[in-house]
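Right, one structure below, let's go through it.
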Ligand code: FAD
């Protein structure tokens, strides 16, 4: 089933993100965690794609397993900036062969010292056009409510986002954010810029204090004072931080659905416990 049809259905969409193992040695333990999340029957699951390294080979296998064994539609991520055209075409064909029709098309982070002018693909929009030509895929892309870190400003970022939609991107999933007002403002500006495709809100439950530094480094997401206070107060008590982090993410999700956001994607980080608690907290809201 195409993700766009799920998002457009009247039911609020709740999905989870998982990532493949780095090596084949821990493939089994990761697969089992991912399957536990699939058993919760989310509306779809996305599987990330490692830019370079071994993990990209596992994305298609894990996505296919989620679909075939649990009947949960899978969204396979794919990056392009450090991949030759032949590899992108091979991966696209593999996805097609495995029955995966949903792809999140990404540029990926530029490796240090990499000369972008030598790349077969410099931007996600080029990958979107390539995938579109190779099959009947439902293609999504990434968007950044607080602007992509490389962008000059949020207006330039939105102009590029419009290009992605015009290239055939049918929905966008956001980078994580911790203040819903940032998302509402972003949606307003995206619509004003002529971007009409659905925007899926990406929510990261923060369940341990160590995550915060990593999140700040990766996403540059702003942390509201009331959230910082929660981490300050409960960060050194793992069980309390788990409860507080799930409660904070749940409150964000309920507010998003209540305000008409059609779909929420939870960065569940291969943690079945997090997925289960979130699912329980909103079970009547999404059914
Ligand atoms: P693009 O849309 O190409 O944008 C990158 C930058 O280039 C932006 O600043 C944009 O404004 C600018 N730009 C775009 N087009 C042009 C143009 N024509 N001319 C000039 N500038 C332009 N990374 C992984 O490695 N694996 C994953 O599985 C993965 N999943 C992700 C899922 C989500 C929901 C998100 C939000 C991010 C994910 N990422 C993943 C990270 C992503 O690869 C990085 O954020 C990357 O730096 C940008 O990717 P993009 O697809 O947004 O790039």
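The values are calculated or read from the model by the stated rules, or taken from the named source; none is laboratory data. Since the model is a prediction, treat every value here as computed from it, not as a measurement. Virtual Cβ from ideal backbone geometry, glycine too; neighbours counted across all protein chains shown.
Brief remarks follow.
- Yes/no for residue 4 being within 28 Å of residue 199 (Cβ to Cβ) and either in a loop (DSSP other than H, G, I, E, B) or within 16 Å of the ligand (Cβ to nearest atom) (or both): yes
- Every residue from the stretch 223-246 that is exposed (fewer than 14 other Cβ atoms within 10 Å of the Cβ) and either under 23 Å from residue 146 (Cβ atoms) or within 22 Å of the chain's Cα centre (by Cα) (or both): 225, 226, 228, 229, 232
- The residues of the stretch 66-113 that are assigned to a helix (DSSP H, G or I) and surrounded by fewer than 19 Cβ atoms within 10 Å (Cβ to Cβ), listed by number, are 68, 69, 70, 85, 86, 87, 89, 90, 93, 94, 96, 97.
- The lone exception for residue 122 - which of (1) within 21 Å of residue 215 (Cα to Cα); (2) more than 17 Å from the chain's Cα centre (by Cα); (3) within 11 Å of the ligand (Cβ to nearest atom); (4) surrounded by 15 or more Cβ atoms within 10 Å (Cβ to Cβ) it fails: (1)
- Per the conditions (1) within 15 Å of the ligand (Cβ to nearest atom); (2) under 25 Å from residue 130 (Cα atoms); (3) touching a helix residue (DSSP H, G or I) at 6+ places or on another chain (Cβ under 7 Å), the sole criterion not satisfied by residue 34 is (2).
- Filter result for residue 200 (in a loop (DSSP other than H, G, I, E, B), touching a strand residue (DSSP E or B) at 6+ places or on another chain (Cβ under 6 Å) and within 24 Å of residue 10 (Cα to Cα)): no
- Residue that is modelled with the lowest pLDDT [pool: residues in the stretch 139-160 that are farther than 21 Å from residue 217 by Cα, assigned to a helix (DSSP H, G or I) and more than 7 Å from the ligand (Cβ to nearest atom)]: 155
- Exclusive hit being within 30 Å of residue 236 (Cα to Cα), more than 8 Å from the ligand (Cβ to nearest atom), surrounded by fewer than 22 Cβ atoms within 10 Å (Cβ to Cβ) and at pLDDT 95 or above, set 181, 201: 181
- Residues of the stretch 163-178 satisfying the condition of being part of a helix (DSSP H, G or I), near the ligand (Cβ under 10 Å from one of its atoms) and within 22 Å of residue 262 (Cβ to Cβ): 164
- Residues of the stretch 84-112 satisfying the condition of being within 16 Å of the ligand (Cβ to nearest atom) and free of Cβ contacts under 8 Å to residues at least 24 places away in the same chain: 87, 112
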